[in-house]
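For reference, the structure discussed in these notes is given below.
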Amino acid sequence: IENVQRVRIFDYTTAVNYPKGTISGFEFEIRQNLGRLWDPLEGMSFGANATFIDSEVTLPDDEIAAFNLPNILEPMTTRDATNAPEHLFNFFLTYDIEATKTQLALFYTIQGETLVAGAGESTGNFVPSLYSREYDTLNFNLTQKLGENFRLQFQAKNITNPDVGLFYRSRSRPDQPRTSVRAGIDYSLSISADFKF
């Protein structure tokens, strides 16, 4: 099931059953307790993973025919799968302070260009594929245990305040921007309790 563009009085996205698709790729991951390498770093851990994705879906016959119409002339039989970024990189650093029951954690993610909705045709109008630009996010967590049952947590999300932009892409025209929005930085403070009976 793939998301595609449609045009009536306004443009919109709808779900369509596609004949077939394939997603393949590679993922590499490393995790390391830094205290094992150097005693002063006891309680600190580092990790990273990298994912590289290759995706392709086969268009239904009606879409292939529509994209070949004289007033469209955007021939294609396959395209990227939606919601499959071309790459994804994650990094984390955590520090557990056993004496005070405190944990600090930093998470950094980079998400590559991602197809949001495929190209479409309706009543002779062509709508190019809609992609999101590569963007990064940085999150921070501070967790503090309060006695045996309570936990206080502070979180800061999207610290880099990324520009999450969308753009149109077709094979015959240069990329065209659609929207550009800052994700905004989120802060939260919470307290939770855990009681076992």
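Coordinate-derived values only; no laboratory data. This is a predicted model, so every value here is computed, not measured. With ideal geometry, Cβ positions are generated from the backbone for all residues, glycine too; neighbour counts draw on all protein chains shown.
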Check your understanding: For the chain, which semi-axes, largest first and in whole Å, follow from the square roots of 5 times the eigenvalues of its Cα gyration tensor?
Key -> 45, 19, 15
Practice item. Return the distance in nm (one decimal) between the two label points of a simple spin-label model at I72 and L93, each offset 7 Å from Cα along Cα→Cβ. Key: 5.1
**Study point:** Those GluC sites (Glu not before Pro) in segment 49-124 that DSSP places in a loop and that have at most 11 other beta carbons within 10 Å
**Key:** E98
Practice item. Amide H neighbours of T160 under 5 Å, at least 5 residues apart or on other chains, H built in the peptide plane: list them. Key: L138
Check your understanding: Using the Karplus equation 6.51 cos²θ - 1.76 cosθ + 1.60 (θ = phi - 60°), what ³J(HN,Hα) coupling, rounded to whole Hz, does each residue of segment 18-23 give in order, writing x for Gly and Pro?
Key -> 9, x, 6, x, 9, 10
Revision key, fill the gap. Residue by residue through segment 158-170, the couplings from Karplus 6.51 cos²θ - 1.76 cosθ + 1.60 with θ = phi - 60°, in Hz, x for Gly and Pro, are 6, 4, 6, 6, x, 8, 8, x, 10, 8, 8, 9, 9
Practice item. Specify the longest stretch of the chain that does not include any exposed loop site, a site being one of the trypsin sites (Lys or Arg not before Pro) with a non-H, G, I, E, B DSSP assignment and at most 15 other Cβ atoms within 10 Å. Key: 9-100
Practice item. For an R0 of 41 angstrom, estimate the FRET efficiency from the Cβ-Cβ distance between I1 and S188 and round to the nearest 0.05. Key: 0.75
Review point. Given the options T100, T22, T109, which has the most mean-square fluctuation in a GNM of the chain, springs set between C-alpha atoms less than 10 angstrom apart?
Key: T100
Revision key, fill the gap. The ³J(HN,Hα) series, computed from each phi in segment 85-94 with the Karplus coefficients 6.51, -1.76 and 1.60 at θ = phi - 60°, rounded to the nearest Hz and given as x for glycine or proline, is x, 5, 7, 8, 10, 10, 9, 9, 9, 10
Practice item. Report, in debye and to the nearest 20, how large the dipole of segment 44-197 comes out about its Cα centre when Lys and Arg carry +1 and Asp and Glu carry -1 on their Cβ. Key: 620
**Study point:** Residues whose placed amide H lies under 5 Å from that of M44, excluding near-sequence neighbours
**Key:** L34, G35, D96
Check your understanding: Across the chain, how many lysine pairs separated by 8 or more positions, or lying on different chains, have Cα atoms within less than 24 Å?
Key -> 5
Check your understanding: Using the alpha-carbon centroid of each, what span in Å lies between segment 136-197 and segment 64-86?
Key -> 33
Check your understanding: Using the beta-carbon distance between A65 and R178 and R0 = 25 Å, what value does 1/(1 + (r/R0)^6) give for FRET efficiency, to the nearest 0.05?
Key -> 0.40
